[in-house]
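Here the structure is laid out as structure tokens; the discussion comes afterwards.
No lab work stands behind these numbers, since they all come straight from the coordinates. Predicted, not measured: the structure shown is a model, and the values here were computed from it. Here the Cβ is made from the backbone with ideal geometry for all residues, glycine too, and neighbour counts use every protein chain on show.
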């Protein structure tokens, strides 16, 4: 059986049904345009834990617990959990998998991890290797700043090109069977490095990878007209503008279809500079904003393109440029 469309698009033999999902978020995220649409709001960045890292793991575990509760199932019914975060050795997700007690694939795609997880979960279900999978990702502003830049307590001035890492998590249960919303196909991204070295400007670094994946899908499927939106993970205002211009140069006018999760989660008056970012960015916006619209029939079909900058503090300090990747999945209303 040929499960490919064109050169790079994977077509699932049956849709991976999004049977349940949940989002958790911090106070700043709840003060933004999507406030009131998250399943659980953490009252502060520690939430009774001894460290920000422990609080992030709690964010993710809560999201998975709520998704399971909504579905009315226990964690031992999950055939495989896939996920990741921005911490060293993706410990927030690994400790969540320890709590769940499920088979586990730890993923690192930086901020593209949610789309990567959904793509791989759909592949496992389509191939008959699982009946129910879970995809979890998370990020936390203070853990990311401490690890990738400077601890917030140092008071370092942020560049205007910098984005604000989202404190939040999303958990998604995907199953075989019947349902209203499903992941039907996707595109595996490839590393694109445009030579950017500024770790305070992720949007510029990631835009080229987003364009590569979007064009790969549109070249294969020729269905731009049927997409309500192309949703990038977290290019922010700067990357979104670059992405739009580059797509137009490639022959795709997406002016009224291109949205970005990093632009949707915060209001400009919140002073996040270039917008939101982090593994929790697309994870929270997908569940709080787009899936409800698909459920209600306000949207029919979106292409979610998660974008990730695959740098580390070490590679940046050694003068390396920033390799980036973007994975894409099509999520659509099925009935």
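Beyond 21 Å, what share of the Cα-Cα pairs of the range 194-301 is found? Please give it as a whole percent. Could you put the intermediate results ahead of the total?
Numbers: 2146 of 5778 pairs.
Roughly 37 percent, once rounded to a whole number.
Please give the length that would be gained between residue 75 and residue 89 if that part of the chain were fully extended, namely 0.36 nm times their separation in residues minus their C-alpha to C-alpha distance (nm, one decimal). Don't skip to the end; give the middle numbers.
On the way: separation 14, 0.36 × 14 = 5.04 nm, distance 2.26 nm.
Here the answer is 2.8 nm.
Roughly what % antiparallel, to the nearest 5, for the DSSP beta bridges in the range 185-333? The partial results should precede the final answer.
Values: 13 of 20 bridges.
Counting DSSP beta bridges with both partners in the range 185-333, the antiparallel share is about 65 percent.
Need one number: convex hull volume per residue for the range 4-175, Cα atoms only, in Å³. Please report the intermediate quantities before stating the final value.
Details: hull volume 23.9 nm³, N = 172.
Taking only Cα atoms, the range 4-175 has a hull volume of 139 Å³ per residue.
Residue separation times 0.36 nm, minus the C-alpha to C-alpha distance between residue 180 and residue 241: what's the value? Write down the numbers at each step before the final one.
Values: separation 61, 0.36 × 61 = 21.96 nm, distance 3.30 nm.
Length gained between residue 180 and residue 241: 18.7 nm.
Testing the spin-label approximation: label points 7 Å from Cα along Cα→Cβ at residue 160 and residue 193. State their distance in nm.
That separation, rounded to one decimal, is 3.0 nm.
Going by C-beta contacts inside 10 Å, put 76, 234 in order with the fewest on the left. Write down the numbers at each step before the final one.
Working: 76 8, 234 38.
Taking fewest neighbouring Cβ atoms as first place, the list is 76, 234.
Within 10 Å, count the other beta carbons around each residue, average over each peptide in 193-204, 111-122, and list them highest first. Walk me through the numbers before you get to the answer.
Values: 193-204: 18.5, 111-122: 30.5.
For the peptides 193-204, 111-122, the packing ranking is 111-122, 193-204.
Using Cβ counts within 10 Å as a stand-in for footprinting exposure, how do 263, 246, 206 rank, fewest first? Before the final figure, lay out each step's value.
Working: 263 22, 246 17, 206 34.
If I rank by nearby Cβ atoms, fewest first, I get 246, 263, 206.
Would you mind pulling out the separation of the Cα centroids of the range 66-81 and the range 3-22, in Å?
If we compute the Cα centre of each part, the gap is 21 Å.
Hey, fewest Cβ within 10 Å first, where do 158, 132, 250 land in order?
Details: 158 17, 132 22, 250 13.
Lowest count first: 250, 158, 132.
Working from the pairwise distances between different alpha carbons, so that the mean of 1/r is found and then inverted, what is the chain's Kirkwood radius in Å? Working shown, then result.
Values: mean 1/r = 0.0517 Å⁻¹.
About 19.3 Å, per the Kirkwood formula over Cα pairs.
Assuming R0 = 22 Å, what is the FRET efficiency of residue 298 and residue 267, from their Cβ-Cβ distance, to the nearest 0.05?
Numbers: r = 22 Å, r/R0 = 0.98.
That pair, residue 298 with residue 267, gives E of 0.55.
Limiting things to C-alpha atoms, what are the Rg and the maximum Cα-Cα separation (Dmax) for the range 193-251, in angstroms?
11.9, 37
Given the DSSP H assignment, sum -39500 (n - 2.57) over each helix run of at least 4 residues in the chain and divide by its residue total; what's the result at 222 nm in deg cm²/dmol, nearest 500?
Working: 11 runs with 111 residues, N = 335.
Mean residue ellipticity at 222 nm (helix-derived): -10000 deg cm²/dmol.
Under the 0.36 nm per residue contour assumption, what length would be gained going from the current alpha-carbon distance of residue 5 and residue 44 to full extension? Can you show the working numbers first?
Working: separation 39, 0.36 × 39 = 14.04 nm, distance 4.59 nm.
The residue 5-residue 44 span can extend by a further 9.5 nm.
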